[in-house]
Structures are given as C-alpha cells and as structure tokens.
Amino acid sequence: MAPVVAPNAADQQVEFAGKNTIYVMICGVVAASGGLMFGYDVGISGGVMSMDEFLEKFFPEVLLRRNRAKEDNYCKFDNHYLQLFTSSLYMSALLSSFVASKMCSSLGRKPTMRAASLFFLLGVLLNAFAVNLAMLITGRILFGIGVGLANHAVPLFLSEIALVKIRGALSILFQLNITVGILAANVVNYFMAEKHPWGWRASLGVAGVPACVLCIGSLFITETPTSLIEREKLDEGLAMLRKIRGVDKVDAEFDELVQASEQARRMKHPFRNLAKRRSRPQLVIAIAMQVFQQFTGINAIMFYAPMLFQSMGFKSNASLLSSLIIGALNVVCTDVCAALVDKVGRRALLLEACLQMLVSHVAIGVILATNLTATNELSRELSFAVVVLICLFISGFAWSWGPLGWLIPSEIFPLETRTAGYAFAVSSNMLFTFVIAQTFLSMMCRMRAGIFFFFAAWIVVMGLFAVFLLPETKGIPIDEMVDRVWKRHWYWKRFMDEDEAIGQA
Ligand code: BGC
C-alpha cells in the first residue's frame, strides 16, 4: 500500500491511504477517449477542407479560387461558410457545456459522458452521409453538443478519481488523448486524400470509433465518489472510494469529501456563488487560461495547417504530411508535460513555453512578411524553416498551455463552485475556439504575415499574467486550495474576506 501524503490546511500531514489501482487506470483510459473524440474533430476539418471532392461538393467557389494561379496567397481560403464548417461545432459545444454542468451535478459524471458519446455518434452519421451543406453543418452541431458534454465531464471525472500525487498526470491523459485524436485525424486524412471520391466521407466517419469506445466503456466505469457523495449516496460513495483506492482504510479522505460536499450542499446556487467576490480569482484564472490558450494561435495551425501550407505553395500531400509531423510532435510533447507537471510544477512549464512560442511566431512572421508576396511561393529552404518553427511552437504549446489549460481550471475551484466554474472554463474555451475557427482564414487574408505578430503579442500578455497572477498549484489537494493558495497569494488574497465566505461554514 502506498500512502499518499496530503498536507491539510494547517500544514500538518494527513495521510490519505490508497494506491494506483488498475481499475482507476482503466476508468481513466475510457474516460479520456472523450478527449480522443474532441481531438479527432480538431484535426480532421483542415485536411478534409483541402480535399478537392469535398470542396467541389460543398464549396465549389473556394475550389475555383484555390486553383486560380493569380489568386492572392493569403486569401485563397477566405470563405465564411468554410470557416463555419469548422466553427459551428464550437458554438454548440459552448451552449451544451452549460447543460453539462447541471447534468454532472444532478445525474453524475458517468451518464454525462454516455450522453456525449451518443451525440457524437449521431453527428458522425450525419457528417459521413452528408448530401448537402445543411446536413454537414447539423452533423457538426450535434458533434459539438457531444464535445461540450465530454469536455466538461471527462476532466472533472479524471481529477476526482486520481490520487493527489498523480492528479496532474492523470488529468493530462485527457489532453494526451486530444492530441492522439488530432494525430489519428492527420493520419486518416493523409491516406484518405487519395481515395477518390469518398475519402472525405471516410475521414469524417472514422470519428465514430472513439465515440463507440466511450459509449461502451461508460457502461463499465465507475461513478466518482465525489459525485455519489454530492448526490447523497454516502454508502455507495464509500464503497467506490475503497474500490478505486484499492484499500479499506479510506476514512480520512472520505470524511474530507463528505465535509466538502456538505458545505457545497448548503450552497444552492453555484452560478450565483461564482459571481461572488470570493470566486473571482479562480474564475478569472479559469477563463484567462482558455482565452490565452486559444490566442497562442494553436488552432489556426491545428484547424488550418494544410491550408496554411498550401497558401505558402506546398502541394496537397506535402501539406498533409507536414500536418502529420506536427500532430505526432504534439502527442510526444504532451507526454513530456505529463511526466514533468507534478515535478517541476505548472508555472515553470507555462513560462518556458511562452518564450519558445514567442520566438517561433516572430520568426515565422518575419519570414512571411519578407518572402511571401500575394502570388509567389516560398523557397524550399524557407518552407522547411517555417515547418521547423511551427514544430518549435507546437512543442512549447503541447507541454504547457495545451494540457494545463484544462488541468488548472479542473483543480482550482472549491467543490461548491467546481462544476459551475469548470463550465465557465469549458465555455470560454469553446467561445474562443469558435472565434479563431470562424475568423482565422479571413484574418490571414486581411492581416497577412501580421497575423503571426498578433499572436506573438498575446503570448507576451499571457507570459506576464503567468508571472504575476497565476499561483503554483502543484501537489495541493483540491479541497485545500483556498487556504494554501488563495489566502496566501499577494494579489488574490484580498478576495478572500471571511465575511463573504462561501461554503466555509
Ligand atoms: C485545446 C485545443 C487544441 C488542442 C491541441 C487543447 O488543449 O483546447 O483547442 O486544439 O489543445 O492539442
């Protein structure tokens, strides 16, 4: 038995018994397939949009423009409907993430994950068999509902079943699966681009595989003890805690969970609590992490890399191959984060990555500004340099803001605002993902190489935010954040006045 040492509010050591059971690992893997579905979707649209038959069927005018030699490099793909194909999913995900919060609290994390997988399956069917734009977009919207539900329930589920010492790594499983999903999409696109005329249908249809894994897997996995206790099923909660910790003596952890849940129950209105001054630090950080994550420009690359590369003069298969390399690097570097996050902490990774991403954006901006005009192509050497710089950017993002953008909001809220607060984080992520998806191709057409300097400026802002306003949360039990983090932070402590305390009876 490996006891987990979790310091309590007074900094005395409380031992929560438990070991890393196979059962927890299996639950983690199944739940994280929610991340696979999300990732597959992130990665699939750019490649599909670069396939001729897809464009011919749904966006013939874009195909014409892309094939015209004289067309402006930066504007070849500037089309609102094309962007809507990618972005519509995030708008519906935004709306469903609010329902997700209610579902998670009243029905539990597990049924929410199952519902997500059903929406995914429906969306996949409509997409793979689409005969017109309406069917295509409706499929994307259903897919989006699944994304909103899964992106809320899965990270919450993972952080609640994990032992404190591996909480960071287990939660990162979610992000890891997002990246594996993106890579899988890049691989499928690479091979399907050659399958005429149905390749795009297969690319969109393969998303059904992770949806089935989650759907079937969610019949077998556990509900979290926190969720059972929250819904007043104390005996089941205790039994479940014993099962996932693999030991009988779980009283200390159980008592803490019950206490936290009793405090939460007294709080009838989690969203109203979230509006209280005392929730300001967590709320600001959770939302800021999402805004910043998106304004690194990650999804400009994840969604539109094949088009970005084609704009620079790459041929179709070279651009899909470059996307594939980026996808693989994304997976590897997310592993680096999982290995390091509970050792070096969150802040070190975030700050190092800011530097790396800044260098990369500025250098790409300079190369494009000085070498890519409206109608020429980049030389082989410069194209290679751009791909290397994008790899530098991706690696930085993947071991920092990518995974930590999800991990930090899942661990900073106290129970009484946790689901509502996390809902805000997920919705902000979706909102800003929507913004990037809906505007990037048009922004590139208007700002040209300047778009990379725009993202670089955001990276400076987020670096400063991390330096001054983001406290370290490594190794701190979720239910002790208030005392050990917020009350001690130079700035955020002013929001912790006792008379406004929530859930601190
Ligand atoms: C972000 C996604 C992004 C992905 C790339 C995630 O953390 O939320 O928007 O596409 O990372 O790996």
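Between the helical axis of 133-161 and the dominant principal axis of the chain, each derived from Cα atoms, what acute angle in degrees is found, rounded to the nearest 10?
Once rounded, the angle reads 30 degrees.
Tell me the net charge near E53. Cut-off is 14 Å between Cβ atoms, E53 excluded, with +1 for each Lys or Arg and -1 for each Asp or Glu. Walk me through the numbers on the way to the answer.
Working: positive: K57, R66, K195, R201; negative: D52, E56, E194.
Around E53, the surrounding residues sum to +1.
Any number yet on Rg/Rh for the stretch 265-396, C-alpha, Kirkwood?
Working: Rg = 19.3 Å, Rh = 17.2 Å.
On the Cα set of the stretch 265-396, Rg over Rh gives 1.12.
To the nearest 20 debye, what is the magnitude of the charge dipole of the stretch 4-495 about its Cα centre, counting +1 on the Cβ of each Lys and Arg and -1 on the Cβ of each Asp and Glu?
About 820 debye.
Rounded to the nearest whole Å², what accessible area per residue is found for the stretch 4-495 with the 1.4 Å probe? Could the numbers behind the result be given before it?
Numbers: 17520 Å² over 492 residues.
Value returned for the stretch 4-495: 36 Å² of accessible area per residue.
What lysines does K315 reach when the alpha-carbon gap must be under 27 Å and sequence neighbours fewer than 8 apart in one chain are set aside?
Leaving aside lysines fewer than 8 places away in the same chain, those within reach of K315 are K57, K70, K76, K195.
Full extension from A202 to E472: what is 0.36 nm times the residue separation minus their Cα-Cα distance, to one decimal in nm?
Details: separation 270, 0.36 × 270 = 97.20 nm, distance 4.40 nm.
Result for the pair: 92.8 nm of gain on full extension.
For the chain, take the longest principal axis of its alpha carbons; what is the angle in degrees between that and the long axis of helix 316-344, to the nearest 10 within 0 to 90?
Taking the Cα atoms of the chain, the angle to 316-344 is about 20 degrees.
Per 20 Å bin from zero, what fraction in whole % of the C-alpha pairs of the stretch 4-495 is there, up to the bin with the longest pair?
Histogramming the stretch 4-495 at 20 Å steps yields 25, 55, 19, 1 percent.
Along Cα→Cβ, 7 Å out, is where each label goes; now give me the distance between the ones at K276 and N67 in nm to one decimal.
The two pseudo-label positions are separated by 6.3 nm.
What net charge do the residues around G208 carry, taking every other residue with its C-beta under 14 Å from that of G208, with Lys and Arg at +1 and Asp and Glu at -1?
Values: positive: R201; negative: D41.
Net of charged neighbours comes to 0.
Computing the accessible area with a 1.4 Å probe over protein heavy atoms, can you report the carbon and sulfur percentage for the chain?
Working: 12270 of 18380 Å².
Heavy-atom surface of the chain belonging to carbon and sulfur, 1.4 Å probe: 67 percent.
With label points built 7 Å along Cα→Cβ from the Cα atoms of K233 and V284, find their separation and express it in nm.
3.9 nm
What is the angle, in °, between the Cα long axis of helix 234-245 and the longest principal axis of the Cα atoms in the chain? Nearest 10 is fine, range 0 to 90.
Its long axis makes an angle of about 60 degrees.
For the chain, which cysteines have no disulfide-compatible partner, meaning no other cysteine Cβ under 4.7 Å?
C27, C104, C212, C215, C333, C337, C354, C391
Answer with one residue from F77, S117, L94: the one whose Cα lies farthest towards the positive end of the charge dipole of the stretch 70-159, charges on Cβ with Lys, Arg +1 and Asp, Glu -1.
Comparing the listed Cα positions along the dipole, S117 ranks first.
Let me know the charge dipole size of the stretch 315-434 about its Cα centre in debye, to the nearest 20, where only the beta-carbon of Lys, Arg (+1) and Asp, Glu (-1) is charged.
Dipole of the stretch 315-434, to the nearest 20 debye: 60 debye.
Find how much the distance from H80 to Y491 grows on full extension, using 0.36 nm per residue of separation minus their present alpha carbon separation; answer in nm with one decimal.
Values: separation 411, 0.36 × 411 = 147.96 nm, distance 4.23 nm.
This chain segment gains 143.7 nm when fully extended.
Can you give the net charge of the other residues whose Cβ lies under 15 Å from the Cβ of G139, counting K and R as +1 and D and E as -1? Let's see the in-between values first.
Details: positive: K57, R140, R201; negative: D41.
Every neighbour counted, the sum reads +2.
The values are calculated or read from the model by the stated rules, or taken from the named source; none is laboratory data. Since the model is a prediction, treat every value here as computed from it, not as a measurement. Cβ coordinates were reconstructed from backbone atoms using ideal geometry, including for glycine residues, and neighbour counts include every protein chain displayed. Side chains included, ligands, DNA and RNA excluded: accessible areas come from the protein's heavy atoms. Shrake-Rupley method; radii C 1.70, N 1.55, O 1.52, S 1.80 Å.
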